[in-house]
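All remarks here apply to the structure that follows.
The values are calculated or read from the model by the stated rules, or taken from the named source; none is laboratory data. None of these values were measured; they are calculated from a predicted model. FYI the Cβ positions are ideal-geometry reconstructions off the backbone, even for glycines, and counts take in every protein chain you see. These area figures cover heavy atoms from the full protein model, side chains too; ligands, DNA and RNA do not enter into them. Shrake-Rupley method; radii C 1.70, N 1.55, O 1.52, S 1.80 Å.
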Amino acid sequence: MAGKWKVEELKVGAILETTFFQNPVGDSSYRFRATHLDGRRAPKVVLSNDPRIRPGVRTQVRIVAVHKPERDDRGWIQVEFVRADALKLEGVWLDPIVSKKLQVLLESGLNILLDGPQGSGKTTMVKAIATTLGMDFVFFNCAAVLEATDFMATIQVRAGEGGQPVTDFISTPLRTAILAAQAEPARPFLVFLDELNRCPEPARNALMPALDATRKVFDPVGNVFLDIPSNVQFVAAVNRGSEFSGTFGIDAAQLDRFAPLQVDYLPAEEEVKLLEARHPEVSKARIKLVVELANKLRQSEELSAGLSVRATEEVCVYLQHPLMENADRGMVGEILKSSFCGRLSGRWSDPTTDAGIAWRIVEDALTEDAKKTKKA
Ligand SMILES: Nc1ncnc2c1ncn2[C@@H]1O[C@H](COP(=O)(O)OP(=O)(O)OP(=O)(O)O)[C@@H](O)[C@H]1O
Ligand SMILES: [Mg+2]
């Protein structure tokens, strides 16, 4: 299999696998370029303009034409998109169905709204998407937005000549990215609007034309509307639900501008694997117990709040410390009192509060686990 392809081996219509990257030749009429087909070096560059291609994702392509086959130093292989492999993200567990949906949405350039409980991997997932697809990742924390103009610029007042106050505009990462995307149409940007529902409604409304077919946003710096080019893709994240104070409702018109995608906590065995890899000092049995207890709380009808993967990870941070060596069940309970119950409202000692309900569930489960171990 190894070795370079010969031109005559490459037949029009053949389907092969390749991975594209942005064509570094800026003025080329082809946006995507690859150098290998089925793992073998191609005799000429492989070029395509098919908008379904995602840089960095393994893709099946069909040969459309081999241009200038007689020349060794020139020509190119023109291909079209057949299908892409399922999106795989380094270090992130993705539900296989969510993964497929995500890929479709990314390929179609639609705005995506990730909706999932706290600490379910939304931010981690979007960062990994940008890395995998070779996009510039632009993080925008909507929770810090108070007014519409905050999306584009922050205002700083300083003392000017003669002590007169002078107002300076400082570009936000969003404004900087829009300008960079306009300047470089071949460079894809992924703008992550984190905690979208935590910014006030009127401010969020100002962003709406950016998210529909209008694709424009008001720029307070130049006092003009900026066009948002097609190489800017938006992904937003929210956690919905009554348990989050400080969140603002997303109304139907705003929601409608996104393709909503629900994410949830990873399955127990995947969470165990993730924690094992990150905390090899902690025994698998302990990690399993911690994840099992976390899922008991997540699934409890009596509790409305979720329990982040950050919480299970924090327990492992405790358990891996030399001070906690050979931590018995009693010690595990003490750790969960702070790392699990402490994340819920109320106190572990007050059974009428969420923290107290959680503590009861944890205590019961630890007693149960002790009995099981004794029997075994
Ligand atoms: N599916 C997953 N794959 C890999 N890591 C995960 C996954 N889910 C959660 N984590 C881990 O849990 C922690 C929290 O994840 P992250 O910050 O992405 O959650 P989030 O959903 O954005 O939370 P929030 O709603 O509070 O912003 C990170 O350390 C992350 O690596
Ligand atoms: Mg997040």
For the residue pair Gln60 and Glu161, what label-to-label distance in nm results when each label sits 7 Å from Cα along the Cα-to-beta-carbon direction? 6.9
How far is helix 201-211 tilted, in degrees, relative to the longest principal axis of the Cα atoms in the chain, given as a value from 0 to 90 rounded to the nearest 10? 30
Could you tell me the distance between the Cα centroids of region 316-369 and region 268-297, to the nearest Å? 15
Using amide H atoms built 1.01 Å from N in the peptide plane, name the residues 5+ places from Val82, or on other chains, whose amide H lies under 5 Å from its own. Gln60, Val61, Arg62
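Add +1 for every Lys or Arg and -1 for every Asp or Glu among the other residues with Cβ under 12 Å from the Cβ of Pro96, and state the total. Before the final figure, lay out the partial values.
On the way: positive: Lys88, Lys100, Lys101; negative: Asp95, Glu270.
Every neighbour counted, the sum reads +1.
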In nanometres, what is the gap between the two model label sites at Ser338 and Lys4, each 7 Å from Cα along Cα-to-Cβ? 6.3
What is the sum of charges around Asp194, taking Lys and Arg as +1, Asp and Glu as -1, for the other residues whose C-beta is under 11 Å from the C-beta of Asp194? +2
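Multiplying the sequence separation of Ala285 and Leu323 by 0.36 nm and subtracting their Cα-Cα distance, what value in nm do you get?
Numbers: separation 38, 0.36 × 38 = 13.68 nm, distance 1.88 nm.
Length gained between Ala285 and Leu323: 11.8 nm.
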Ordered by packing density, taken as the mean number of other Cβ atoms within 10 Å over each peptide's residues, highest first, how do 91-102, 106-117 rank? 106-117, 91-102
Percent of alpha-carbon pairs separated by more than 16 Å within region 72-184: 74
Pop out the carbon and sulfur fraction of the accessible area of region 86-221 as a percent, whole number, probe 1.4 Å. 59
Is there a quick way to get the dipole size of the chain? I mean about its Cα centre, with the Cβ of Lys and Arg at +1 and of Asp and Glu at -1; what is the value in debye to the nearest 20? 1240
For helix 284-299, report the angle its Cα long axis makes with the longest principal axis of the Cα atoms of the chain; keep it between 0 and 90° and round to the nearest 10°. 90
Towards the positive end of the charge dipole of the chain, with charges on Cβ (+1 Lys, Arg; -1 Asp, Glu), say which of Gln182, Phe139, Pro24 has the farthest Cα. Pro24
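What is the percent carbon and sulfur in the accessible area of region 268-375, measuring with a 1.4 Å probe over the protein chains and ignoring ligands?
Values: 3040 of 5990 Å².
Here carbon and sulfur together make up 51 percent of the probe-accessible area.
Of the heavy-atom accessible surface of region 7-83 (probe 1.4 angstrom), what whole percent is carbon and sulfur? Don't skip to the end; give the middle numbers.
Working: 2000 of 4180 Å².
Result for region 7-83: 48 percent of the exposed heavy-atom area is carbon or sulfur.
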Specify which residue in the list Leu110, Ile357, Gly306 is farthest towards the positive end of the charge dipole of the chain, using unit charges on the beta carbon of Lys, Arg (+1) and Asp, Glu (-1), about the Cα centre. Leu110
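For the pair Glu276 and Asp72, what calculated FRET efficiency results from E = 1/(1 + (r/R0)^6), where r is the Cβ-Cβ distance and R0 = 51 Å, to the nearest 0.05? Don't skip to the end; give the middle numbers.
Working: r = 52 Å, r/R0 = 1.02.
So, using R0 = 51 Å, E works out to roughly 0.45.
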Mind checking the log10 I(q)/I(0) for region 264-376 at q = 0.15 Å⁻¹? Debye, one equal scatterer per Cα, no solvent, two decimals. -0.61
Where does the chain land on Rg/Rh, using Cα atoms and the Kirkwood Rh? 1.07
antiparallel share of DSSP beta bridges within region 96-262, to nearest 5, in %, is 35
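Largest first and in whole Å, what are the equivalent-ellipsoid semi-axes of region 147-233 based on the Cα gyration tensor, each being the root of 5 times an eigenvalue?
Ellipsoid half-lengths, sorted descending, are 26, 17, 11 Å.
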The answer for the chain, accessible area per residue at 1.4 Å probe in Å², is 52
Peptides ranked, highest mean first, by Cβ atoms within 10 Å: ranges 158-165, 358-365: 358-365, 158-165
